[in-house]
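S.K.: First the structure, which I've put down as C-alpha cells, then a few questions once you've had a look.
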Amino acid sequence: MPVAHDGKALAPIPMPVSALPSGPLSEEGHEYIQRTLTPEETVACGVALGRVAQPGDVFILTGDLGAGKTQFTKGIAQALGIGTPITSPTFNIMLIYEGADGVQLNHIDLYRLDDALQLDDIDYFGCIESKAVSVVEWGDKFGAMMPSDYLEVSMEYDAESAEARRISTIAHGPRSVQMLMDWLEKECGMGNSSRASGGASYIDISAIAAPVEASEAIGSRDGGAAL
C-alpha cells in the first residue's frame, strides 16, 4: 500500500474518473489531460502529484475563478503531510505551511497583483527558488516572470457537468518532465506499455490514494502563516 511523506498508510479513493487522451508530444514532454467529475476527484489529482513532488518544485496553476485551483492545492498539501485546512490566499497573497519532514509549502495567489514590480514586494522569486514546494495560482499573469522549470496545471470547466473539470498538465523543463513521468509511472501505474498511439496517454485517477486521516499528518500547523 502506498505511504505518505510522513510514513502513514494511504487508503485508496473509491471514485471513478474519466480520462481524455493527450495532444501531440512537445519538445519538453507530454501534455496529459484528464477529466474529474467532483471536487474530491480534483483534490485526488493534487494528492497524486504532491506525492512525487520534491523540495524546489514549482506548480503554476491557471484557470478561471472557481475552476478548482485551491482544491488541487489541497491535494498537494495532503500529500506533503499538511493537516491544516487549505484556503485561497487571494487576500493574503501568500500562505506558508510546514509539512512532514520539514517540507514547506508556499501557496501563492497573484490574482490581486497589477504590476510585475509587485512580485519583489512579496519576495516571489526568493520563494519559488527556495527549497519549498511552491504552488502559484494565476501564475501565468506575468508570463515573462515564469521560472525556468515548472509544471503547468490548467483547469477548465467541463460543459457536461457543473462540478466536472478538464485538467491539462504540461511540463516545462527537465525536472518537471521527470516529475510528470514519475506521477504516471509510480502513482497511476502507467509505463510505456500504457502509452496509446500517437503519444496520447490515459490517466486512471481511480488508482490514486489519499491519506487515511488528514488530521494525523505530522508537522502541520494550526493555520498557514501569511506574509
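The values are calculated or read from the model by the stated rules, or taken from the named source; none is laboratory data. From a predicted model like this one, the values you see are computed outputs, not experimental measurements. For neighbour counting, all protein chains shown are included, and Cβ atoms are generated from backbone atoms with ideal geometry for every residue, glycine included.
S.K.: Can you name the residue in segment 154-187 that is without any contact (Cβ under 8 Å) to a residue 60 or more places away in the chain and outside any loop (DSSP other than H, G, I, E, B) and, of all such residues, is surrounded by the fewest Cβ atoms within 10 Å (Cβ to Cβ)?
M.R.: Per the stated criteria, the residue is P174.
S.K.: Could you list all residues from segment 11-58 that are at pLDDT 50 or above and acidic (D, E)?
M.R.: E31, E40, E41, D57
S.K.: To continue, here is another question. Out of A100, A44, report the one residue that is buried (at least 24 other Cβ atoms within 10 Å of the Cβ) and more than 15 Å from W138 (Cβ to Cβ).
M.R.: Just a single option satisfies the conditions, and that option is A44.
S.K.: Give the number of residues within segment 84-113 that are among the hydrophobic types (A, V, I, L, M, F, W, C) and either in a loop (DSSP other than H, G, I, E, B) or at positive phi (or both).
M.R.: So the answer is 6.
S.K.: I would also like to ask the following. Which of the residues belonging to segment 147-164 are over 23 Å from D182 (Cα atoms) and not acidic (D, E)?
M.R.: Y157, A159, S161, A162, A164
S.K.: Looking at segment 61-77 only, could you name the residues that are part of a strand (DSSP E or B) and surrounded by 24 or more Cβ atoms within 10 Å (Cβ to Cβ)?
M.R.: Passing the criteria: only L61.
S.K.: Could you list, ordered by first residue, the pairs with Cβ atoms under 7 Å in which the first is in segment 56-73 and more than 23 Å from G126 (Cβ to Cβ) and the second is assigned to a strand (DSSP E or B) and of a type in the set (S, T, N, Q), at least 6 apart or interchain?
M.R.: Every condition considered, the pairs that remain are G63/S154.
S.K.: Yes or no: G81 on the phi < 0 side of the Ramachandran plot, modelled with pLDDT of 90 or more and crowded, with 18+ Cβ neighbours inside 10 Å?
M.R.: no
S.K.: Further, regarding this structure: In segment 108-130, which residues are small (G, A, S) and exposed (fewer than 14 other Cβ atoms within 10 Å of the Cβ)?
M.R.: G126, the sole residue that qualifies.
S.K.: Another question, if that's okay. Taking the options E152, E163, E129, name whichever one is acidic (D, E), in contact with a strand residue (DSSP E or B) (Cβ under 6 Å, 6 or more places away or on another chain) and modelled with pLDDT of 85 or more.
M.R.: Of E152, E163, E129, the one residue that is acidic (D, E), in contact with a strand residue (DSSP E or B) (Cβ under 6 Å, 6 or more places away or on another chain) and modelled with pLDDT of 85 or more is E152.
So that you can scan it fast, the table gives a plain yes or no per residue for (1) of a type in the set (V, I, T); (2) within 23 Å of Q71 (Cβ to Cβ):
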{"position": "I86", "(1), (2)": "yes, yes"}
{"position": "E98", "(1), (2)": "no, yes"}
{"position": "D123", "(1), (2)": "no, no"}
{"position": "Y150", "(1), (2)": "no, yes"}
{"position": "D182", "(1), (2)": "no, yes"}
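S.K.: Looking only at segment 114-153, filter to residues that are assigned to a strand (DSSP E or B) and among the aliphatic types (A, V, I, L, M); which one of those is farthest from Q104 (Cα to Cα)?
M.R.: The qualifying residue farthest from Q104 (Cα to Cα) is V153.
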